[in-house]
1. How far, in nm, would the chain grow between Ile69 and Val126 when pulled straight, counting 0.36 nm per residue and subtracting the alpha carbon separation?
2. Carbon and sulfur atoms: what percent of the 1.4 Å accessible area of segment 15-62 do they account for?
3. Cα to Cα, under 29 Å, and not fewer than 8 places away if on the same chain: which lysines meet these conditions relative to Lys159?
4. With labels modelled as points extended 7 Å from the Cα through the Cβ direction, what inter-label distance (nm, one decimal) is found for Leu30 paired with Tyr217?
5. Calculate, in nm to one decimal, what Leu113 and Met330 gain on full extension: separation in residues at 0.36 nm each, minus their alpha carbon distance.
6. Report the relative contact order of segment 1-94, percent, no decimals, based on alpha-carbon pairs under 8 angstrom and at least 6 residues apart.
7. Just to confirm, what accessible area per residue do you get for segment 37-79 at 1.4 Å probe, in whole Å²?
8. Would you kindly derive the ³J(HN,Hα) couplings of segment 309-318 from the backbone phi angles with the Karplus curve 6.51 cos²θ - 1.76 cosθ + 1.60 (θ = phi - 60°), listing them in order in whole Hz, with x for Gly and Pro?
Amino acid sequence: MLRVSLTLGRYFGMRFLVTVLSVFCGVIFLVALLDSVELLRRTSNNENATALAVFKLSFFRVPIIAERIMPFCALIGAMSCYLGLSRRNELVVARAAGVSAWQFTAPAILIALVLGVLATVVYNPVAAALQERSKRFEIEIFGQREFGQQESGFWVRQKSPDGQSIINAEKSRQQGLRLDRVTIFTFDHDGRYQARIEARTANLRDGAWQLSDARVYPSNAPPSVHEIYDLKTNLSREQVRENFATPETLTVWELPEYIRLAENAGVSAASYKLQYQKLLSRPFLLASMVLLAAAFSLRFARMGGVQKMVLGGVLSGFLLYVLSKITEDMSKTELLSPLTAAWAPVLIGGLTGFLVLLYQEDG
């Protein structure tokens, strides 16, 4: 009997793994196709944007987008797997052999946990690296301005031996070490306005920003043009990265250091803490999605109501997504702790699936 249970467990686990990976690959292909079409539409008048370049850029951008919908791939994949087993009466045969619902779901939960760990420690760093590379490649193809970049861009305030400066950049690369389309307002130590500086790029060097193609507009002198212009700064590389790096582009290995830097600098680290907790909770989120899917798809197909089960599962996943977005927004505004915001959807989804399965199995 033990050998039969192990064989069935491997079979159910492999079916779940193949289905989930198929769903995820299909989602990546669909997202890449839609993203490529949108980029082609936006660059229809750009002579430098060839179709090959657009598809390459989309390839770099898609992994970070697909990462956000990974839990729903687990939900849809698990539901498709169990509904397929039910249609072929494999669940009926397994039930007749004395296999419980917990034995159906245990292999899928174990695989979901493994996939979640791999997604956190392997997929996420790769996706973050490709996202950073996409920014550089986008500059090469489309010029300095990024699609969807807000007009305000990125802002940072600094001090130096010459006074104070406020830096605005339309785009940040290399996690803030290189800035594009920079505007700088300089002030003396008493806060009096001195000059406005506009530059094509700014690269952080030891103790200074190196500005290229800079135009300086002093308050009491004619403008001047400089091919290279150095602006002194007291910012370190770590401080710049903390100001310009977005949590989504940081890996699970980098986030603890950014959280420490933000706390030492007296800056809110809620976004970094939230992202870190989300990455830690990802394996358990995928496992909770399996439980939620099993609760709506282990019913035998011959009993009818399959459409309602599928609709119920999809609706539950959508409500869980809405809940996660609400908790994330509350965490970013510091109305909810990042730990609670990241783990609440996991606990609610997992407990809901567990209780429904417990009721179905044991009455």
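The values are calculated or read from the model by the stated rules, or taken from the named source; none is laboratory data. Just so we're clear, the structure is a prediction, and the values are computed from it rather than from any experiment. When we count neighbours, we look across all protein chains shown, and the Cβ atoms used for this are built from the backbone with ideal geometry, even at glycine. Accessible surface areas use protein heavy atoms only, side chains included; no ligands, DNA or RNA. Shrake-Rupley method; radii C 1.70, N 1.55, O 1.52, S 1.80 Å.
1. Details: separation 57, 0.36 × 57 = 20.52 nm, distance 1.63 nm.
Gain in length upon complete extension: 18.9 nm.
2. Details: 2000 of 2920 Å².
Here it works out to 68 percent.
3. Lys135, Lys171, Lys232, Lys273, Lys332
4. 4.9 nm
5. Numbers: separation 217, 0.36 × 217 = 78.12 nm, distance 2.70 nm.
My answer for the length gained is 75.4 nm.
6. Details: 42 pairs, mean separation 39.9, N = 94.
It comes to 42 percent, rounded to a whole number.
7. With the other protein chains kept in place, segment 37-79 gives 52 Å² per residue.
8. So the Karplus estimates, Gly and Pro as x, are 5, 4, 4, x, x, 5, 5, 5, x, 5 Hz.
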